[in-house]
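As C-alpha cells, the structure follows; a few thoughts come after it.
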Amino acid sequence: MNSQDLQDMEAHSPAAIAESFLSFPGVRLLQPPTPSWWKWRARWESGSAFIEVGMTLFEDEAQSWGGSAITADCSLDDIEALWSHLQARHRGVWLHDPDCIIHTHDSLRHTTAG
C-alpha cells in the first residue's frame with residue numbers, strides 16, 4: 001500500500017512522538033524543537049551504528065506529527081526495535097520507504113534481503 005493513499009490516519013502531537021523517541025534506550029536529543037519542530041533531531045548510537053531521526057509536521061490546524069526522516073547506518077534489527085518502540089506507544093505508526101510504500105516487519109525484511 002502507498003502511504004499517500006491512506007484516508008484514516010491517527011493524529012499524534014510532535015511532543016508526544018519526540019518523548020517516545022527520546023525514551024528509547026540510547027537516544028539523545030541533538031536539536032530541540034526551537035525555533036520549530038522541523039529542526040528537531042535525535043540520535044541513537046551503539047558502537048559505530050547509528051539512527052538519526054527528524055520531525056515533519058502535517059499542515060493541519062494542530063500541526064500534527066507528519067513523520068520522521070531517518071538516516072541510519074545500523075542493522076535492520078536496530079531499525080525494527082525503534083519502530084516497535086514507537087508502535088507500542090502510538091497507534092497507526094508505520095514505516096514507509098522513499099517511494100511511499102508502507103512496510104510491515106515482514107515486508108521490510110523481504111525488501112532488504114535482496
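Sort LEU22, LEU82 from largest to smallest accessible area, using a 1.4 Å probe on the heavy atoms of the protein chains.
Largest to smallest exposure gives the sequence LEU22, LEU82.
Largest first, how would ARG43, ARG89 line up by accessible area (1.4 Å probe)? Present the calculation step by step, with values, prior to reporting the outcome.
On the way: ARG43 50, ARG89 120 Å².
The most accessible residue leads, giving ARG89, ARG43.
Give me the accessible area of SER23, 1.4 Å probe, in Å² rounded to the nearest 10.
Near enough 60 Å² of accessible area.
Quickly work out the THR71-to-SER36 label distance, labels modelled 7 Å from Cα along the C-beta direction, and quote it in nm with one decimal.
Between SER36 and THR71, the label points sit 1.9 nm apart.
Does a label point 7 Å from the Cα of LEU22, set along Cα-to-beta-carbon, have any residues of the stretch 32-76 with amide nitrogen under 11 Å, and which are they?
32-34, 41-42
In what sequence, largest accessible area first, do ILE70, ILE79, ILE17 appear using a 1.4 Å probe?
Final ranking, largest accessible area leading: ILE70, ILE79, ILE17.
The values are calculated or read from the model by the stated rules, or taken from the named source; none is laboratory data. Keep in mind that what you see is a predicted model, and the values were worked out from it rather than measured. Note that we place each Cβ from the backbone using ideal geometry, even for glycine, and neighbour counts take in every protein chain shown. Keep in mind that these areas ignore ligands, DNA and RNA; they rest on the heavy atoms of the full protein, side chains included. Shrake-Rupley method; radii C 1.70, N 1.55, O 1.52, S 1.80 Å.
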